[in-house]
Amino acid sequence: MEVTKKEDQIMPEKKVSRKKTGAKAEELKEEKPVRKPASKKAEPAKKEKPVKKAETAEEKPAVTEPAVPSEPELPQPRRSVAFIGSECYPFVKTGGLGDVMYALPRALTKQNCDVKVILPRYACIPQKYQEKMIYRGAFEMDLCADGRSYYVGIMEYVWDGVVYDFIDNDEFFSWGKPYTNLVDDIPKFCYFSKAALAALNYMDWVPDIIHCHDWQAALVPVFQQAMFQGTPVANAKTVFTIHNLRFQGIYDIKTIKYWTNLPDALFDYAVLKQGNDDANMLKGGLSYASMITTVSNTYAWEIQTEFFGEKLDAHLRYHSGKLRGIVNGIDVDIWNPKTDPLLPANYDVNDAIEQKKACKKTLQENLGLEDNQDKMVIGLISRLTNQKGLDLVNAIIPSLIDGNTQIVVLGTGDPEYENSFRYYENTYKGSVCSNIMYDEERAHQIYAGADALLVPSLFEPCGLTQLIAMRYGTVPIVRETGGLKDTVEPYNEFTNEGNGFTFDRYEAGLLLDAINRAKTLYFTDRDRWDEMVKRDLQKDVSWEKSAAQYRSLYLELKP
Ligand code: ADP
């Protein structure tokens, strides 16, 4: 494919980059943009050094193994999958994507999948993980339209059957936690998507499936089709998962052309182009992925409508033949009230009603709320953005304050919401506690100590907080949208079934009504409330079923 050279498009700023040889950093050196003639095809990574092959069973000297109890049989055949995404718990997490990138690969290993997770090596990854990473190799990679090439280092960490390969380049990954702003993030993730593919070639590990996630990795299928043909990685099928359609990686065509050097033909409405002058990275991924998934069935349908489609509904309808919904689960080992070390008291379904009281007492004490088991504690753990239905919550907080209800908020985000929750804490001291922070430990304590958890989202691709709440025997109160609709069965007072309280239209009055129905049951029929708590604790919110669905999808693509 012919690629025209556009040297005078955007001049990269001179940046200071710290290149690394081995795991050791060399001194800072100023890197000037290198001008090379544009190549017809972006070159796959050039190998600098042979990569040390990971030890295989065959290489070990033969020893007679003692008899071990037989493992449960794994489904056959084995499949290899490379996960590519921008965050992964516990290294770096800003939301649900980080949870999924951690838990799904682990669940897939139990489905006989060989999984490698490819992530940026951000400077914000805690030192205790950085120290465990081992240098796998490095190479130079062409990236920009002016021929400038970039260092790609690979640092590896193997943990619990999953291999994590971190793409190392200080020029891109030294700032942010991990995101900064689009001006910096667009080049960062153009680089990351191409480097991830080049790293697979370099490591000589070509998976059956490349599974990429959200806009930050959306250019992976595009680069694969446009620039890696004829290289080993072109043989992999691609799955692209939308965790949140709102974020798409949109920037002007000139900039994205510069940072990717993708052929002009791709900046067309069928692939990357949007509006008059913009390119949309997520749209490109949707166009070229072998299969698209999103994180619940309802959201898979919703995003094909104008309201939820974020201007891509027509594009998604066009590609609907390859679009599926597979609901998220949670890692039930991390989220386990029986073993959670962050809780003041541990419990399971047998002693939850008693032990949750101890968790509630500690929560009330720690947060300066009145220490009183008779009050109903309603939690909210969320990014504070308009997606999460906070306008509805703000509108009804005064109506909730009745002397019997306490509200605990944990979240960070838009100053507008941060300030309104601070205001309510100040106005209703002792009844409202706003924790404007990101704090894993406090999140665990709220999941365990609260009676109910609010998730009244405007839209919610899947939502994890309602799943975690149920796992901790905390009753979710949710709006019937996306994954909330698919995972919370509304309480039926006639049959005494269901897992939570729900409302449909996005109206503050309906949220208030749902909370009042929950309060009525809580205050007037505690036995039935407690039965719901136990049902929630027993609900299967694990990854097992969904991981098996992903596996079937992989097999469909590569039988
Ligand atoms: P989203 O990905 O849209 O932010 P999800 O419900 O899918 O929402 O995932 C949110 C995840 O982030 C959950 O694990 C939740 O516990 C966690 N979380 C959100 N806000 C906070 C916070 N302020 N402190 C700790 N954990 C948080």
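The values are calculated or read from the model by the stated rules, or taken from the named source; none is laboratory data. Keep in mind that what you see is a predicted model, and the values were worked out from it rather than measured. A quick note on method: Cβ atoms are made from the backbone with ideal geometry, for glycine too, and the neighbour counts reach across all protein chains shown. Only protein heavy atoms, including side chains, enter the accessible area calculation; ligands, DNA and RNA are left aside. Shrake-Rupley method; radii C 1.70, N 1.55, O 1.52, S 1.80 Å.
Assorted remarks:
- Taken per residue, the accessible surface of the chain reaches 42 Å², heavy atoms only and a 1.4 Å probe.
- Set of aspartates and glutamates with alpha-carbon distance to Lys254 below 20 Å, sequence-local pairs under 8 removed: Glu2, Glu7, Asp8, Glu13, Asp142, Asp146, Asp184, Asp185, Asp264, Asp268, Asp277, Asp278
- Entries of Lys132/Lys188; Lys388/Lys429; Lys237/Lys283 with Cα pairs more than 21 Å apart: Lys132/Lys188; Lys388/Lys429
- Value of relative contact order over the chain, rounded to a whole percent, pairs C-alpha under 8 Å and six or more apart: 12 percent
- Kirkwood Rh and Cα Rg combined as Rg over Rh, evaluated for region 346-400: 1.07
- Over region 447-559: Rg over Rh, Cα atoms, Kirkwood Rh: 1.05
- Relative pair counts by distance (%), Cα atoms of the chain, 10 Å bins: 3, 17, 26, 24, 17, 9, 3, 0
- Cut-off 11 Å (backbone N to label point 7 Å along Cα→Cβ of Thr305), residues of region 472-488: 481-482
- For the chain, the carbon plus sulfur part of the accessible surface works out to 50%, probe radius 1.4 Å.
- Region 129-202 versus region 519-544: alpha-carbon centroid distance in Å: 45 Å
- Taking each residue as 0.36 nm, the span from Asp160 to Asp513 lengthens on full extension beyond its C-alpha to C-alpha distance by 122.5 nm.
- Region 393-427 and region 279-356 have Cα centres separated by 27 Å.
- Normalising the Debye intensity of region 352-541 to I(0), with uniform scatterers on Cα atoms only, and taking log10 at q = 0.09, 0.19 Å⁻¹ returns -0.27, -1.43.
- Solvent-accessible ranking of Glu73, Glu365, largest area first, probe 1.4 Å: Glu73, Glu365
- Ranked from largest to smallest solvent-accessible area, with a 1.4 Å probe on the protein heavy atoms, Ser434, Ser399, Ser320 come out as Ser399, Ser320, Ser434.
- Taking the average, over residues, of other Cβ atoms within 10 Å as the packing measure, peptides 546-559, 188-201 rank 188-201, 546-559 from highest down.
- Modelled FRET efficiency - R0 60 Å, Thr520 with Lys322, Cβ distances, 0.05 increments: 0.85
- Relative contact order for region 311-467: 28 percent, from Cα pairs under 8 Å spaced at least 6 residues apart, divided by residue count.
- Within straight-line cross-link reach of Lys322, aspartates and glutamates at Cα separation under 12 Å, skipping those fewer than 8 residues along the same chain: Glu556
- Potential lengthening between Asn181 and Lys539 on full extension [0.36 nm per residue; Cα-Cα distance subtracted]: 125.0 nm
- Modelled label positions at Thr495 and Ser174, each set 7 Å beyond Cα in the direction of Cβ, lie 6.1 nm from each other.
- The chain: calculated mean residue ellipticity at 222 nm from DSSP helix runs of at least 4, using -39500 (n - 2.57): -10000 deg cm²/dmol
- Potential extension, Ala395-Glu73 segment - 0.36 nm per residue separation minus Cα distance: 110.6 nm
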